[in-house]
Every structure is written in structure tokens, then in C-alpha cells.
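Step one of this worksheet: look at the structure below.
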Amino acid sequence: MADFLTPEERSERMARIKSAHTRPEVALRKTLHNLGLRYRLNSATLPGKPDLVFPRYKAVVFVHGCFWHRHQNCNIATTPKSNTSFWVAKFSKNVARDERVISLLRSLGWRVFVVWECEVSSLKKAKATGLKLSNLIRSI
Ligand SMILES: [Zn+2]
């Protein structure tokens, strides 16, 4: 396909796409905040930089993309038909890293929760997921 966009138009379009993608995640955060949970974002000091950290509850949350992190039995987690062995190797590396990070966090005393992209793909789903998550985080 011919590239008919100027760099400005392209980056503007990319920014729009990106914000559209993150909106449900923001809805998830808002729901948790409305339920009285306070968190820190992307804590660089913890293994795997969890997306949300709840110090008071010793809990961390990752919001994982279904494709890259291989959500089981999820139709977003497809395997590309070409270069398949490259992708399979890449995916298994990602999954192994996720497992490593989670067990490292657990060994440091953190409770780890994973929210999948498909669980927050609409505002309605994000709210429902936020409610469930809040109960899990508070149940120590
Ligand atoms: Zn999924």
C-alpha cells in the first residue's frame, strides 16, 4: 500500500489509535479508584514493571495483551500463518518471562493478578472486571 500520509498525519493517527486502545484500561483504573483503591502506575522498582501496584494490599496487576502474552483459549491469541516458528519461539519467550516475573514477585511477598485485554475491551467489561478485581485485591 502506498504511504500517502505525512509524518505528522501518521503520528496523529497513531496517537488516536493508541488512546482508543488504552481507554478501557483507564476505565478499569477509574473503577478501582471509585471503589476506594489507591494505586501506583508502572512501578519501575518491581520485577516486570506491573501496570498497577497496590502497596496497602501488597498486590500488583498486569494488564496483558492477549496476543503477545498468549491468553489461553482466547481468539485474539492467534498464531500468524507465515514465519510460524519465529512467532512460536517469540511467544514462548514472552510466556516464560511472564512466569518468571510472577514467581519473582510472589517470592517477594506480592499477590499477582493478571487482567487480559479482552476482559477490558469495552467500558462495560472494564467496569465488571474492575469490580471483580477489587474484591480479589481486598480479600487478604
Ligand atoms: Zn483474551
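Throughout, read-outs are computed from the coordinates displayed, never taken from laboratory work. Note that the structure is predicted; figures quoted are calculated from it, not measured. In this analysis, Cβ positions are derived from the backbone assuming ideal geometry, glycine residues included, and neighbour counts consider all displayed protein chains.
Let me know the charge dipole size of region 23-138 about its Cα centre in debye, to the nearest 20, where only the beta-carbon of Lys, Arg (+1) and Asp, Glu (-1) is charged. Write out the running numbers ahead of the final one.
Working: 21 positive and 6 negative charges, 62 e Å.
Magnitude of the dipole: close to 300 debye.
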Problem set entry | ³J(HN,Hα), Karplus 6.51/-1.76/1.60, whole Hz, each residue of region 29-46, x for Gly, Pro | 5, 4, 4, 4, 5, 4, 7, x, 8, 10, 9, 10, 9, 6, 5, 6, 7, 9
Exercise. What nm value, rounded to one decimal, do you get for the distance between GLN72 and ASN94 when each label is placed 7 Å out toward the C-beta?
Worked result: 1.7 nm
